[in-house]
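Worksheet: one structure, shown below.
What follows is calculated from the coordinates using simple rules that are stated; it is not laboratory data. Just so it is clear, the model here is predicted, and its values are computed rather than measured. For neighbour counting, all protein chains shown are included, and Cβ atoms are generated from backbone atoms with ideal geometry for every residue, glycine included.
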Amino acid sequence: MNIQDKLFIGDNVSEGNRAIVHGGLAQDATRVDTVVEELPPTKIGNNVTLGDDTVVFRSTIEDGFTIGAKSLIFNSTLTSALRADKNIPPKSIVASNILTENAVEW
């Protein structure tokens, strides 16, 4: 299994200051070469904007989304079915495809 299979970032992706995009495999902390569990990949489509201090973890973001500053996207699939305007407001949390606006205080 390749790490390239677990993290994909499309073309024309803009990442703000301190934005974090994370993907990968769950590993045994005592043995770096041992995969404990295969977890969902992180995929960011084309023409996506990630605001400052945004965190994306084990999620898929469809082409053309704008993620507001200080937002957390976790274990979700962002498509126009979730947000027709393809805009996640600042300080939002999207966890398991449930959007909670103005929830982040960091």
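How much FRET efficiency would the formula 1/(1 + (r/R0)^6) give for T100 and R18, where r is the Cβ-Cβ distance and R0 is 25 Å, rounded to 0.05?
On the way: r = 21 Å, r/R0 = 0.85.
For T100 and R18, the calculated efficiency is 0.75.
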| query | Working out 0.36 nm times the residue gap between I9 and N75, then minus their Cα-Cα distance, what length gain in nm do you get to one decimal? | reply | 22.1 nm
